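Peer 1: To start, I am sharing the structure in question, which I have written as structure tokens.
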Amino acid sequence: MLAAIGLSYWLLALLRRRRTRWYPFAGSAVAFATIFAFVLAADYLTDYFDPFEWGIAFVAVIGIAATLLAYLVLQRYLLRRLPQRRVRRRECPFCGYPVGPNTHCEGCGRAVVAPCASCESPRRVGATHCGVCGATS
């Protein structure tokens, strides 16, 4: 199992460096290895206890809690990454409208250029580093 996970992550890193069109295949390999690991872990654990002895409602509550936790983690990840991706594409970090050279978004009206907290030079809102002083946000 560890070999499958290691090989899939190695393939992911290799195809990411090469920037090939087969990169989604590597992501699928990682997803397969992860799901396979969870299936084997569940099979191993059910050798020691039977979850259906607890009742089907309890098993359903565990499944709902796991789904909500996965949703929360994914949403937090996307909220952190989405503004950075939009800044790289020259879009408004708040609504995604194309900005171009403007200092305010035409879609939502918010300012997309603000002064840097360290050197006060203008920088794009949502950028991770200042282009003048290199300070992080």
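Peer 1: When you check A42 against the structure, is it farther than 30 Å from G134 by Cβ, among the small types (G, A, S), touching a helix residue (DSSP H, G or I) at 6+ places or on another chain (Cβ under 8 Å) and free of Cβ contacts under 8 Å to residues at least 24 places away in the same chain, yes or no?
Peer 2: no
Peer 1: Given the conditions (1) open to solvent by 80 Å² or more (accessible area, probe 1.4 Å); (2) more than 30 Å from A42 (Cα to Cα); (3) within 20 Å of the chain's Cα centre (by Cα), report the number of the one that R86 does not fulfil.
Peer 2: (1)
Peer 1: Considering only residues that are of a type in the set (S, T, N, Q) and either modelled with pLDDT under 90 or surrounded by fewer than 11 Cβ atoms within 10 Å (Cβ to Cβ) (or both), which ones fall in the range 31-47?
Peer 2: Residue satisfying the conditions is T46 alone.
Peer 1: For the range 48-61, check the following and say yes or no: at least one residue is open to solvent by less than 60 Å² (accessible area, probe 1.4 Å), part of a loop (DSSP other than H, G, I, E, B) and not aliphatic (A, V, I, L, M).
Peer 2: Yes, the range 48-61 contains a residue that is open to solvent by less than 60 Å² (accessible area, probe 1.4 Å), part of a loop (DSSP other than H, G, I, E, B) and not aliphatic (A, V, I, L, M).
Peer 1: Given the criteria at pLDDT 90 or above and either open to solvent by less than 70 Å² (accessible area, probe 1.4 Å) or among the acidic types (D, E) (or both), does A70 qualify?
Peer 2: yes
Peer 1: Can we say G131 is open to solvent by less than 50 Å² (accessible area, probe 1.4 Å) and in a loop (DSSP other than H, G, I, E, B)?
Peer 2: So G131 fails the test.
Peer 1: Residue pairs, Cβ under 7 Å, 6 or more apart or interchain, first in the range 57-74 and closer than 15 Å to A42 by Cβ, second open to solvent by less than 90 Å² (accessible area, probe 1.4 Å) and in a helix (DSSP H, G or I). List them.
Peer 2: Within 7 Å, the pairs are V59/P51.
Peer 1: Identify, by number, the condition in (1) without any contact (Cβ under 8 Å) to a residue 40 or more places away in the chain; (2) of a type outside the set (V, I, T); (3) open to solvent by less than 90 Å² (accessible area, probe 1.4 Å); (4) assigned to a helix (DSSP H, G or I) that P93 doesn't meet.
Peer 2: Against the list (1) without any contact (Cβ under 8 Å) to a residue 40 or more places away in the chain; (2) of a type outside the set (V, I, T); (3) open to solvent by less than 90 Å² (accessible area, probe 1.4 Å); (4) assigned to a helix (DSSP H, G or I), P93 comes up short only on (4).
The values are calculated or read from the model by the stated rules, or taken from the named source; none is laboratory data. Predicted model only: the values in this text are computed from it and were never measured. Glycine gets a Cβ as well: all are built from the backbone with ideal geometry, and neighbour counts include every protein chain shown. Ligands, DNA and RNA are excluded from the accessible area calculation, which covers all protein heavy atoms including side chains. Shrake-Rupley method; radii C 1.70, N 1.55, O 1.52, S 1.80 Å.
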